[in-house]
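The values are calculated or read from the model by the stated rules, or taken from the named source; none is laboratory data. Just so you know, these numbers come straight off a predicted model, no measurement behind them. Note that we place each Cβ from the backbone using ideal geometry, even for glycine, and neighbour counts take in every protein chain shown.
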């Protein structure tokens, strides 16, 4: 499968979506929900948000892949210049977040032979192709919401690069042009002056002028090259130290991946940090952009989250830090820190803050279902399919449904650093 083609197509559709266009066609049901909630939040404040993912480097086919039959989860990446801009209702520019060179990561989920899968209605026993259950069981009418198609993009995020090569390259071209022009100018003046003093003919004047231009231009460019060669070491070292200090907490968090996988694979043998990382950011965004958190089944905490009401964008900074875990009554609870950048709207202004959220996620100890979507859960009693994002009982038979049986649920989310 050409993952780079999926990435290019999806980012183009995502850019169009943030210009009030249609939802990206390949979004998973859960990602589509998060995008819809964010769009409503932005519109609530009368804002318009624009995002661009301009290509900024060579292609990278994929950086990581995980297979668990019948699913294949691939993280595809590429360099990009990622820009987010905000405007008010009249089109007036408000603010811009441009981290310049970044790496865009796309989570792509595939399912083998989905179109040939069969399904048995547990209500009446009718067996048919899965595609025939899109409008419910053909025999008894039990509803099955088929909202997930494959391959689909289950999530996306960016990580900033340490050094901005684009800016450095642009500065080098600019300086090369400036000193070339200066070399030609000084060479022309010197060549004409020497020719005039020596009384050269027209041919001699032209030859002397060309020679002087070459000497002056080459000399100036060689001087600039030596200067940058001598200064680049200290300049780059200083920049690296500053940037390392800036991203130190994130880099420290990334080093917890191995410890997290060792700990949690004792309970979930197929646990994947990359898939869990995407899940954390997806759940956080869903909670942030929800206007009815009391009825939100992905969050069962009692924290005061009113500070989230003015957040209009959440960008991942690149790491989920593992803090610890516990298991009580077969429920696994994992404590993490998520590093993000939040855009707040207040009093006609949009401003950005680097923030850290402390979160506790809980899930029943069982294998991970890569294809699970909260927007099409199956009732354990009647097998009816329904959207459980705000529902805790089956709408068809009234049976209780607990999301924690199948998926990660956030039981605590606190803002610990701004």
I'd like to check something: does the range 336-359 contain any residue that is assigned by TED's automatic domain parsing to the domain that holds residue 401, part of a strand (DSSP E or B), touching a residue at least 40 places away in the same chain (Cβ under 8 Å) and farther than 23 Å from residue 288 by Cβ?
no
Quick one: count up the residues across the range 22-38 that are part of a loop (DSSP other than H, G, I, E, B) and out of contact with any helix residue (DSSP H, G or I) (no Cβ under 8 Å at 6 or more places or on another chain).
1
Tally, over the range 317-348, of residues that are over 25 Å from residue 268 (Cα atoms) and in contact with a helix residue (DSSP H, G or I) (Cβ under 9 Å, 6 or more places away or on another chain)
6
Note on residue 97: of the conditions (1) within 30 Å of residue 296 (Cα to Cα); (2) modelled with pLDDT of 90 or more; (3) assigned to a strand (DSSP E or B), unmet is (2)
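Kindly evaluate residue 307 against the criterion of being touching a helix residue (DSSP H, G or I) at 6+ places or on another chain (Cβ under 9 Å) and touching a residue at least 24 places away in the same chain (Cβ under 8 Å).
Details: touching a helix residue (DSSP H, G or I) at 6+ places or on another chain (Cβ under 9 Å): no; touching a residue at least 24 places away in the same chain (Cβ under 8 Å): yes.
Taking the combined requirement at face value, the residue does not satisfy it.
With the requirement that a residue be farther than 19 Å from residue 102 by Cβ and either touching a strand residue (DSSP E or B) at 6+ places or on another chain (Cβ under 9 Å) or crowded, with 21+ Cβ neighbours inside 10 Å (or both), what does the range 65-80 give you?
First, pick out the residues of the range 65-80 that are farther than 19 Å from residue 102 by Cβ: 65-74.
Once the filter is applied, which keeps residues that are farther than 19 Å from residue 102 by Cβ and either touching a strand residue (DSSP E or B) at 6+ places or on another chain (Cβ under 9 Å) or crowded, with 21+ Cβ neighbours inside 10 Å (or both), the range 65-80 yields 65, 66, 67, 70, 71, 72, 73, 74.
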Identify, by number, the condition in (1) buried (at least 21 other Cβ atoms within 10 Å of the Cβ); (2) at pLDDT 95 or above; (3) within 25 Å of the chain's Cα centre (by Cα) that residue 358 doesn't meet.
(1)
